[in-house]
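Only one structure is covered here, and it is reproduced in the block below.
Throughout, read-outs are computed from the coordinates displayed, never taken from laboratory work. Everything numeric here is computed off the predicted structure, so don't read it as measured data. Using ideal geometry, Cβ is built from the backbone for each residue, glycine included, and neighbour counts are taken over all protein chains shown.
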Amino acid sequence: MPVIQLSEVSKTFPPRTRGEAPLVALDRVSLEIEEGDIYGIIGYSGAGKSTLVRLINALERSTSGSIVVGGEELSTLKERELRRIRLGIGMVFQQFNLFTSRTVWGNVEYPLTVAGVPKEQHQKRISELLHFVGLADKAHSYPDQLSGGQKQRVGIARALATGPRILLADEATSALDPETTSEVLELLQRVNREFGVTIVVITHEMEVIRSIANKVAVMDSGRIIERGDVFDIFANPQTDATKRFVSTVVQAVPEPDELEALKRRHPGRIVTLSFTDGDASQSTVFLELASGGVGFELIYGGINDIQGRTFGHLTLSLTGTDDAIDAALARVGALAAVTEVR
């Protein structure tokens, strides 16, 4: 059974003022997250991502549908039982949410105190976690003495304090610079790999999904519009919203206006070669073109690596006789998908 399972879940908020319609934040969302996944949930502002998180950690109750976490149906549980469920779910926030009046040590200790963990067990657990996140030397520092990346490491240590089975990371890297973002994502991967924690990553950045997730669901207007393995979603997005997200990190095929500009600059015949994992290598294709007396220039696109698997689109300008180009493309078509742009 999945560790998180949502079936036809909707969440509607009442209107703020008289005459307004109720706000449908989630509309019949179904989702399964397996034990050990790093599952990305991506969408633009207002897509319903934050509401989804609050339902998973039982801070909100759904209007309808079923939410099962760790084998327990949340809608049937009383508040005392929900508090027990929340102890098994860690949370990492965009703005860190650290207690400014507590030291790093005190911040990590706080959930242990709330959970009723005996005081004599605190020191060993906190020390282990601060060493794990690389902040043992900052134990007695206060949050305002830390960088953004260090604050988020404290947030991760605090989220792990009670040994959760699930970790929810809600825009956890949005306030960080690119280098620090990479470090925090690497740390989350270690959490998943070494502790076996299932991680749900909420984000609006496709680069985060590419870097860390193995599965992804794309949300739009309260619905999941596309889901699947990260490689499949990147290599072959189906919906317009997903294509927009993918285009922020993957240069695919040129848009019509870009194509017209390329045609003006490059007089040859323009083709796009599409590669997926398992196809022939680029060098094999290029050798095939060259051996047929066809000149080529790469004018758009690139090859992408998703967790060790590759895909991409290369748009080339080909020069030579039409017969030579036709013959070469016929041979190349057995190695990669070929689309001639006219």
Most to least packed among 153-166, 59-72, 257-270 [average Cβ atoms within 10 Å]: 153-166, 59-72, 257-270
Report, in whole Å, the centroid distance computed from the Cα atoms of segment 220-285 and segment 144-193. 31 Å
Extreme residue, positive dipole direction of the chain, given options 308, 228, 12 (C-beta unit charges): 12
Can you check what the net charge comes to around residue 297, using other residues whose Cβ is under 14 Å from the Cβ of residue 297 (Lys, Arg +1; Asp, Glu -1)? +3
Calculate the dipole size of segment 256-341 relative to its Cα centre from +1 charges on Lys and Arg beta carbons and -1 charges on Asp and Glu beta carbons; express the result in debye to the nearest 20. 120 debye
C-alpha long axis of helix 104-114 to longest principal axis of the chain, angle in °: 60 degrees
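Grab the other residues whose beta carbon is less than 14 angstrom from that of residue 250, score K and R as +1, D and E as -1, and report the net.
On the way: positive: 210, 243, 244, 309; negative: 205, 207, 232, 255, 305.
Every neighbour counted, the sum reads -1.
Over the chain, what is the percentage of antiparallel beta bridges among all DSSP beta bridges, to the nearest 5?
On the way: 43 of 61 bridges.
Of those bridges, close to 70 percent are antiparallel.
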Per residue of segment 29-37, what does 6.51 cos²θ - 1.76 cosθ + 1.60 with θ = phi - 60° give for ³J(HN,Hα)? Whole Hz please, x for Gly and Pro, Karplus curve as stated. 8, 10, 7, 10, 10, 7, 4, x, 5
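So if R0 is 22 Å, what FRET efficiency would residue 340 and residue 249 give, r being the distance between their Cβ atoms, rounded to the nearest 0.05? Could you put the intermediate results ahead of the total?
On the way: r = 27 Å, r/R0 = 1.21.
Step by step, r from the Cβ atoms, then E = 0.25.
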Taking the Cα of residue 186, stepping 7 Å toward and past its beta carbon, and measuring to each backbone N in segment 302-333: which are under 19 Å? 305-308
On each of the three principal axes of the Cα atoms of the chain, give max minus min coordinate, whole Å, ordered largest first. 80, 55, 38
Which residues' amide hydrogens lie under 5 Å from the amide hydrogen of residue 135, considering only partners 5 or more residues apart or on another chain, with H built in the peptide plane? none
Using a basic spin-label model with each label point 7 Å from the Cα along Cα→Cβ, how many nm lie between residue 114 and residue 279? 5.0 nm
Under Karplus coefficients 6.51, -1.76 and 1.60, residue-wise ³J(HN,Hα) of segment 289-304 in Hz, glycine/proline x: 5, 5, 5, x, x, 9, x, 8, 9, 6, 10, 6, x, x, 9, 10
Would you mind getting me the FRET efficiency between residue 131 and residue 327? Use the beta-carbon distance for r and R0 = 56 Å, nearest 0.05. 0.30
Using helices alone, I'd like the mean residue ellipticity at 222 nm for the chain: each DSSP H run of four-plus residues gives -39500 (n - 2.57), total over residue count, nearest 500. -10500 deg cm²/dmol
Ranked from fewest to most other Cβ atoms within 10 Å of their own Cβ, 124, 243, 215 fall in the order 124, 243, 215
Note, residue 190: beta-carbon cut-off 15 Å, +1 each Lys/Arg, -1 each Asp/Glu, net -2
By how many nm would the segment from residue 13 to residue 76 lengthen if fully extended, with 0.36 nm per residue of separation less the alpha-carbon distance? 20.7 nm
Per residue of segment 176-187, what does 6.51 cos²θ - 1.76 cosθ + 1.60 with θ = phi - 60° give for ³J(HN,Hα)? Whole Hz please, x for Gly and Pro, Karplus curve as stated. 10, 6, x, 5, 5, 4, 4, 5, 5, 5, 4, 5
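Segment 1-34: which trypsin sites (Lys or Arg not before Pro) are DSSP loop and have at most 15 other beta-carbon atoms within 10 angstrom? If you can, show how the numbers build up before the last one.
Values: sites: 11, 16, 18, 28; in loops: 16, 18.
Taking segment 1-34 and a limit of 15 other Cβ atoms within 10 Å, the loop trypsin sites (Lys or Arg not before Pro) found are 16, 18.
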